[in-house]
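Colleague: My questions all concern the structure below.
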Amino acid sequence: KQEVTQIPAALSVPEGENLVLNCSFTDSAIYNLQWFRQDPGKGLTSLLLIQSSQREQTSGRLNASLDKSSGRSTLYIAASQPGDSATYLCAPGAGSYQLTFGKGTKLSVIP
Amino acid sequence: DGGITQSPKYLFRKEGQNVTLSCEQNLNHDAMYWYRQDPGQGLRLIYYSQIVNDFQKGDIAEGYSVSREKKESFPLTVTSAQKNPTAFYLCASRGISQSGYTFGSGTRLTVV
């Protein structure tokens, strides 16, 4: 069964810093991996989707990489802003295209 | 705009009652999913459906039921058999294979 670990569980940084969120998964037989953002009491907003054949995806200040063979993905956030404060979830997609979620990294960006 | 609509946003259930959470999508997606989120835990899959009139149990299906009579709709019923239903429930959909998921805004269910 797929297990997903996200490190760190919480992170606090001053505004303007670049930061990296880590995600590891145990079963490398995935179709893709999706990064989401969740604000308190809200649903999930998709940030980036990386197909298993890709190495990375970029959207604005966000860059996600995928190393399928080693079971790792990272989300890089450049020039962090207070509006980036949220919980970030990674979810590899596998059999029947089901997603398995980690517990997330709670990010706080201090003005 | 296309998206997923979950209703109600907040729902209160008395002991022994069944309640139904609504999930509607206008994205023309084939697959739909229900997840449960508890504090300190990752999202857990309750049920999913890849096509109309067909659905499969996820990891924590006990005490829940679903139907998929229309492509756009995938309601979740929380039955009295679910002993700990207080949680945040999220509905999601997905289009063609290997495409990403789209999530609704969630329903928070509380037992009173």
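Colleague: Looking only at the range B:41-76, which residues have a backbone nitrogen under 11 Å from a spot 7 Å from the Cα of A:S108 in the C-beta direction?
Modeller: Correct set: none at all.
Colleague: A follow-up question, please. Nearest 20 debye, what's the magnitude of the dipole of the protein assembly as shown about its Cα centre given +1 on Lys and Arg Cβ and -1 on Asp and Glu Cβ?
Modeller: Details: 21 positive and 18 negative charges, 69 e Å.
Result for the protein assembly as shown is approximately 340 debye, rounded to the nearest 20.
Colleague: Inside 10 Å of the C-beta atoms of A:39-46, what's the mean count of C-beta atoms belonging to other chains?
Modeller: Other-chain Cβ atoms within 10 Å of each residue's Cβ, averaged: 5.
Colleague: First select every other residue whose beta carbon is under 15 angstrom from the beta carbon of B:G106; then total the charges, Lys and Arg +1, Asp and Glu -1.
Modeller: Taking every Cβ under 15 Å from that of B:G106, the sum is +3.
Colleague: Determine, from the Cβ-Cβ distance of B:T20 and A:K1 and an R0 of 35 Å, the FRET efficiency 1/(1 + (r/R0)^6), rounded to the nearest 0.05. Can you show the working numbers first?
Modeller: Working: r = 30 Å, r/R0 = 0.85.
The value I calculate is 0.75.
Colleague: In peptide A:100-111, what is the residue-averaged number of other protein chain Cβ atoms found within 10 Å of each Cβ?
Modeller: Numbers: counts 5, 7, 2, 4, 5, 0, 0, 0, 0, 0, 0, 0.
Per-residue shielding by partner chains comes out at 2.
Colleague: Taking the Cα centre of chain A as the origin, how large is its charge dipole in debye, to the nearest 20, when only Lys and Arg (+1) and Asp and Glu (-1) carry charge on their Cβ atoms?
Modeller: Details: 9 positive and 8 negative charges, 40 e Å.
Charge dipole, chain A, about its Cα centre: 180 debye, nearest 20.
Colleague: Another question, if that's okay. Averaged across B:42-51, how many Cβ atoms of other chains sit within 10 Å of each residue's Cβ atom?
Modeller: So the per-residue partner count for this stretch is 4.
Colleague: A follow-up question, please. How much of the calculated P(r) for chain A lies past 20 Å, in percent of all Cα pairs?
Modeller: 34 percent
Colleague: Quick check for me: using +1 on Lys/Arg Cβ and -1 on Asp/Glu Cβ, what's the dipole size of the range B:24-65 about its Cα centre, in debye to the nearest 20? Don't skip to the answer; put the middle values down first.
Modeller: Values: 3 positive and 6 negative charges, 20 e Å.
Magnitude of the dipole: close to 100 debye.
Colleague: Moving on to the next point. What are the principal axis extents of the Cα atoms in the range A:55-111, in Å, biggest first?
Modeller: 41, 22, 18
Colleague: Lys/Arg Cβ at +1, Asp/Glu Cβ at -1, dipole of chain A taken about the Cα centre: which of A:S80, A:L48, A:V13 is farthest positive-ward?
Modeller: Checked the options; the winner is A:L48.
Colleague: Then there's this: What distance in nm separates the simple spin-label points at A:V13 and A:S70, each placed 7 Å from Cα in the Cβ direction?
Modeller: 1.9 nm
Colleague: Within the set of other residues whose C-beta is less than 12 Å from the C-beta of A:T26, count the net charge using Lys and Arg as +1 and Asp and Glu as -1.
Modeller: 0
Colleague: What is the spin-label model distance, in nm, from A:R55 to B:T79 if the labels are put 7 Å beyond Cα along the C-beta direction?
Modeller: With each label point 7 Å from Cα toward Cβ, the separation is 5.1 nm.
Colleague: So what is the diffusion coefficient of chain B in µm² per second by Stokes-Einstein at 25 °C and 0.890 mPa s, using a Kirkwood Rh over Cα pairs?
Modeller: This corresponds to a translational diffusion coefficient of 176 µm²/s.
Colleague: Hey, rough spin-label estimate for B:K57 and A:A79, points 7 angstrom out along Cα→Cβ, what's it come to in nanometres?
Modeller: If labels sit at B:K57 and A:A79, their model points lie 5.2 nm apart.
Colleague: Taking N as the number of residues in the protein assembly as shown, what value does Rg over Cα atoms divided by 2.2 N^0.38 Å take?
Modeller: Relative to the 2.2 N^0.38 Å estimate, the protein assembly as shown comes out at 1.02.
Taken together, the values in this text are just the output of simple stated rules run on the coordinates, not laboratory data. Just so it is clear, the model here is predicted, and its values are computed rather than measured. A quick note on method: Cβ atoms are made from the backbone with ideal geometry, for glycine too, and the neighbour counts reach across all protein chains shown.
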